[in-house]
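Down below is the structure, laid out as structure tokens.
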Amino acid sequence: GHINTAGITVYVRGLTFEGGNARACYVQAATQVAFEDCKFTHGQLAGLELSTVTAGVTNTLYAVNCQFRGNAADGNGTTAAGAGTSTRLVEIGCAYAGNSGVGTDQGSSIHWSAGNGAVSAIRLNCTFAANKTCGFADVGGTTTWGLGCRFTSEAIGAYVGDTGTGWLHGCVFNGCTTDVDPFDAGATINTTSTIYSTTAGSGTVARYHP
């Protein structure tokens with residue numbers, strides 16, 4: 001699949017995106033895209049990728065009850081490269097498993113680059129299992145919130161890099177090598193009602209009270 005028309009809103013329900021020359025599904029320019037009950041499998045790179053260079057636009061990607069499995073890069077990867085571009089990622093009830101290739105591949109990942117506006121992710125009741133590097137990895141100064149997520153058999157469960165800030169509420173980690181990793185000194189992961197035991201990174205892990 002390939003969506004590359006600026007300024008449009010797209011809703012996709014119940015489709016399977018399998019294989020593909022690179023990504024199973026690639027979104028480049030649409031302003032709002034929503035996938036519900038879709039599957040993204042066996043992409044030669046990412047399962048689903050939003051990568052936009054349109055300057056000064058807010059792009060929003062919704063994934064609801066979707067599956068991302070067996071892709072050779074990130075299950076769902078979101079990058080905004082245009083100057084002043086903002087990105088919103090909302091994932092609800094999604095499953096990410098076995099996404100693994102030659103890179104540092106995650107179940108889900110969002111990236112902030114210099115010159116972007118706000119970049120943020122919300123993940124609600126998502127499950128992450130046996131992805132190559134991380135359950136989710138958000139980098140570059142993103143703001144991310146995970147509520148009711150489950151992480152199983154990951155090398156790293158939740159990763160926040162650079163100057164990013166994460167909140168984990170009611171999440172559970174089971175059998176991960178490292179549960180929570182604010183990798184860089186400027187990164188922070190705040191937790192409440194979250195079951196975890198191992199941490200890594202140079203940043204801060206702190207409790208918060210909502």
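The values are calculated or read from the model by the stated rules, or taken from the named source; none is laboratory data. Since the structure is predicted, the reported quantities are computational estimates derived from the model, not experimental observations. Positions of Cβ are generated from backbone atoms using ideal geometry, with glycine treated the same way; all protein chains shown enter the neighbour counts. Heavy atoms of the whole protein, side chains included, go into the accessibility calculation; ligands, DNA and RNA do not. Shrake-Rupley method; radii C 1.70, N 1.55, O 1.52, S 1.80 Å.
Here is how the numbers come out for the structure above:
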item: Residue list for region 146-164, filter: open to solvent by 10 Å² or more (accessible area, probe 1.4 Å) and either in contact with a helix residue (DSSP H, G or I) (Cβ under 8 Å, 6 or more places away or on another chain) or part of a strand (DSSP E or B) (or both); result: 147, 150, 152, 156, 159
item: Tally, over region 50-64, of residues that are in contact with a strand residue (DSSP E or B) (Cβ under 6 Å, 6 or more places away or on another chain) and either among the β-branched types (Val, Ile, Thr) or more than 23 Å from residue 36 (Cα to Cα) (or both); result: 4
item: Single residue of region 165-210 satisfying the filter (aromatic (Phe, Trp, Tyr) and over 18 Å from the mean Cα position of the chain (by Cα)) that is least open to solvent (accessible area, probe 1.4 Å); result: 208
item: All positions within region 59-91 that are touching a Gly at 6+ places or on another chain (Cβ under 7 Å), open to solvent by 10 Å² or more (accessible area, probe 1.4 Å) and within 12 Å of residue 118 (Cα to Cα); result: 83, 84, 86
item: Hits in region 1-42 (condition: closer than 11 Å to residue 66 by Cβ, open to solvent by 70 Å² or more (accessible area, probe 1.4 Å), assigned to a strand (DSSP E or B) and not basic (Lys, Arg)); result: 16
item: Which listed residue, of 24, 46, 34, 6, is more than 17 Å from the chain's Cα centre (by Cα) and closer than 26 Å to residue 112 by Cβ; result: 6
